[in-house]
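The values are calculated or read from the model by the stated rules, or taken from the named source; none is laboratory data. This one's a predicted model, so the numbers in the text were calculated from it and none came from an experiment. Cβ atoms come from the backbone with ideal geometry, glycine included; neighbour counts cover every protein chain shown. When the accessible area is computed, the model is the full protein with side chains, heavy atoms only, and any ligands, DNA or RNA have been set aside. Shrake-Rupley method; radii C 1.70, N 1.55, O 1.52, S 1.80 Å.
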Amino acid sequence: MSMTHMIRELLAIDGGTPVRKNLLPYGRQSIEEDDIQAVVEVLRSDWLTTGPKVAELEEAFADWVGAKYAVSFSSGTAALHGAAFAAGLKPGDEAITTPLTFAATANCILYQGSTPVFADVSPDTLNLNPAEAAAKITSRTRAVLPVDYAGHPADLAEIQHLADRHGLVVIEDAAHALGAEYRGLRAGGIAAMTVFSFHPVKHLATGEGGMVTTNRADLAETLRQFRNHGISSDARQRQAQGQWHYEMVLLGFNYRLTDIACSLGLSQLKKLERNLFRRRQIAALYAQAFRELEAIELPAVRADVNPAWHLYAIRLKLERLSADRAQVFRALRAENIGVNVHYIPVHLHPYYQKRFGVRAGEFPVAESAYARLISLPMFHGMADEDVEDVIRAVFKVASNYAV
Ligand SMILES: Cc1ncc(COP(=O)(O)O)c(C=O)c1O
């Protein structure tokens with residue numbers, strides 16, 4: 001297979017024929033008839049929001065990941081905000097996180113008036129490097145937010161060890177990592193709080209949606225209040241005080257997930273094992289095909305994890321190519337392969353630059369990875385022909401720019 005891939009064909013960007021006719025996105029939801037029926041069923045019911053489907057999804061989700069409690073939110077970002085609040089983050093506090101993430105991971109620290117402190121990532125997994133995080137701890141540090149980049153769990157044991165020594169709360173951003181395993185445990189049952197996203201490109205889609213899982217009853221209760229205006233659910237149940245009675249006990253938000261979304265989530269949850277299996281299969285096909293391609297570095301997989309493969313992020317070995325990442329990116333797009341880049345390091349965004357003035361060059365591992373990263377299409381609905389198209393396009397582009 002590889003030899004045919006190595007034949008130099010004229011790139012689509014230079015006027016050649018693209019590998020495929022229509023654009024293959026980098027990620028996409030799979031919605032089947034049973035998902036549609038699940039939503040229709042709710043639309044015909046008495047409850048559009050905060051009905052029976054919310055608790056049903058939360059219980060099934062907690063069971064699936066192996067956590068005691070799951071609290072749903074209207075998005076992964078809202079779930080991160082809830083977790084930052086429940087962790088007790090307040091003005092003057094600091095929280096340590098990775099720069100190589102979606103801005104929401106750091107933004108939730110700002111929502112609480114606290115200061116995000118970035119620490120560089122490990123060169124293999126591109127996850128928060130525990131040693132770098134340790135070096136950033138001060139008397140003001142209250143929380144640490146590792147991200148399971150691309151679906152590969154962070155160094156959760158080392159980070160927990162650090163947190164225990166310094167009295168920090170660990171909020172694991174597992175937006176990429178539903179179904180990922182770390183030392184035999186699924187993400188969701190390990191950190192004090194774990195945050196998930198149900199955005200359409202994720203493993204389980206509800207349109208918008210998110211979840212926080214925890215084994216602590218007190219955190220679960222705070223999270224429930226926070227997502228519902230700060231209203232205490234206990235008070236609502238105090239029948240003796242009258243049916244109308246409720247108490248607002250903290251300043252919360254309306255971050256509730258609807259019954260419509262939860263019903264879709266329940267239907268999607270039934271297919272999660274199958275979808276994870278497919279993502280792992282696609283990752284294995286890529287790894288097998290690209291093994292002999294000298295111009296790219298494949299995503300690392302540590303021995304003690306089983307990644308969930310939200311993304312398949314390769315790194316270009318620029319010294320072996322006559323083109324930079326932008327050119328390779330454009331060439332792959334011209335072949336109708338919907339590549340993407342995850343992520344522009346958060347500290348390089350104008351908002352963070354203006355507010356915190358972190359200089360380029362402060363996080364050399366994250367920044368050098370950023371210059372070389374390209375996310376290839378990875379979603380459970382990809383057909384074998386789609387995978388083959390990606391492989392062909394990568395070989396075509398890499399062999400054209402090989403030096
Ligand atoms: C690492 C990470 N954290 C948080 C989020 C936010 O999730 P949502 O889009 O559901 O708000 C995302 C979304 O893509 C993400 O990739």
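Local charge sum around residue 309 (other residues, Cβ-Cβ under 10 Å, Lys/Arg +1, Asp/Glu -1)?
+3
Note the full-extension length gain between residue 47 and residue 388 as 0.36 nm times their separation in residues minus their Cα-Cα distance, in nm to one decimal.
Fully extending the segment from residue 47 to residue 388 adds 118.3 nm.
Express the accessible area of the range 63-145 per residue in Å², computed with a 1.4 Å probe while the remaining protein chains stay in the model.
Normalised by residue count, the accessible surface of the range 63-145 is 30 Å².
May I ask which residue of 272, 318, 369 lies farthest towards the positive end of the charge dipole of the range 250-375, with charges of +1 (Lys, Arg) and -1 (Asp, Glu) on Cβ and the Cα centre as origin?
Toward the positive end, the furthest listed residue is 272.
In debye, nearest 20: dipole of the chain around its Cα centre with unit charges on the Cβ of K, R (+) and D, E (-)?
For this selection, approximately 600 debye.
Restricting things to Cα coordinates, could you compute the convex hull volume per residue of the range 63-131 in Å³?
120 Å³
Please give the Cα centre distance for the range 72-108 versus the range 269-292, rounded to the nearest Å.
First find each Cα centre; the distance between them is then 30 Å.
What whole-number value in cubic angstrom gives the convex hull volume per residue for the C-alpha atoms of the range 250-308?
Output value, Cα hull per residue: 187 Å³.
Give the dimensionless ratio obtained when the Cα radius of gyration of the range 24-75 is divided by 2.2 N^0.38 Å.
Here the answer is 1.39, to two decimals.
Write down the radius of gyration of the range 100-168 and its Dmax, each obtained from C-alpha positions, in Å.
Radius of gyration, then largest Cα-Cα span, for the range 100-168: 11.6, 33 Å.
In nm, to one decimal, how far is the modelled label at residue 21 from the one at residue 243, with both set 7 Å along Cα→Cβ?
Output for this residue pair reads 6.0 nm.
How tilted is helix 52-65 with respect to the longest principal axis of the chain? Cα atoms for both, answer in degrees (0 to 90, nearest 10).
So the helix axis and the longest Cα principal axis differ by about 60 degrees.
Can you tell which of 107, 150, 128 lies farthest toward the positive end of the dipole of the range 90-225, using +1 and -1 charges on the Cβ of basic and acidic side chains (Lys, Arg; Asp, Glu)?
Farthest towards the positive pole: 107.
Compute the Cα gyration tensor for the range 179-218, then decide on rounded, prolate or oblate, letting a ≥ b ≥ c be the square roots of its eigenvalues: rounded whenever a/c is under 1.5, prolate when a/b is larger than b/c in the other cases, and oblate in all that remain.
It is oblate, given that a/c is not under 1.5 and a/b is not larger than b/c.
What angle do you read, to the nearest 10 degrees and between 0 and 90, between the alpha-carbon axis of helix 156-166 and the longest principal axis of the chain?
That works out to roughly 50 degrees.
With every protein chain kept in the model, how would you rank 291, 227 by accessible area, 1.4 Å probe, largest at the top?
Ranking 291, 227 by accessible area, largest first, yields 291, 227.
Could you tell me which GluC sites (Glu not before Pro) in the range 239-297 are loop residues by DSSP with no more than 16 other beta carbons within 10 angstrom of their beta carbon?
For GluC sites (Glu not before Pro) across the range 239-297 that sit outside H, G, I, E and B with at most 16 neighbouring Cβ atoms in 10 Å, the list reads 292, 294.
Springs between alpha-carbon atoms under 10 Å, Gaussian network over the chain: tell me which of 34, 389, 63 tops the mean-square fluctuations.
Highest fluctuation of the listed residues: 34.
Over the Cα atoms of the chain, how large are the radius of gyration and the largest Cα-Cα distance (Dmax), in Å?
For the chain, the Cα-based Rg and Dmax read 22.1, 79 Å.
Considering the zone a paramagnetic label at residue 349 would reach in this model (a point 7 Å from Cα along the Cα-to-Cβ line), which residues of the range 60-77 have amide N under 19 Å from it?
Correct set: 74-77.
Return P(r) of the range 264-403 (all Cα-Cα pairs; 10 Å bins starting at 0; whole %; ordered from short to long distances).
That works out to 11, 36, 31, 18, 4, 0, in percent per bin.
Answer with one residue from 211, 285, 344: the one whose Cα lies farthest towards the positive end of the charge dipole of the chain, charges on Cβ with Lys, Arg +1 and Asp, Glu -1.
Ranked along the dipole, the leading option is 344.
Note the per residue figure in Å³ for the convex hull of the C-alpha positions in the range 27-176.
Looking at the range 27-176, the number lands at 130 Å³ per residue.
For the chain, modelled as a GNM with alpha-carbon contacts under 10 angstrom, which of 364, 99, 153 fluctuates the most?
Checking each option, the largest mean-square fluctuation is seen for 364.
Any chance you could give the angle, 0 to 90 degrees and rounded to 10, that helix 325-334 forms with the longest Cα principal axis of the chain?
Compared with the principal axis, the helix lies near 90 degrees.
Lysines within cross-link reach of residue 271: Cα-Cα under 28 Å, excluding same-chain residues under 8 positions apart?
Cα-Cα hits under 28 Å: 53, 68, 202.
Once neighbouring chains are kept in place and the probe is 1.4 Å, which whole percent of the accessible area of the chain is contributed by carbon and sulfur?
Of all accessible area on the chain, carbon and sulfur atoms account for 54 percent.
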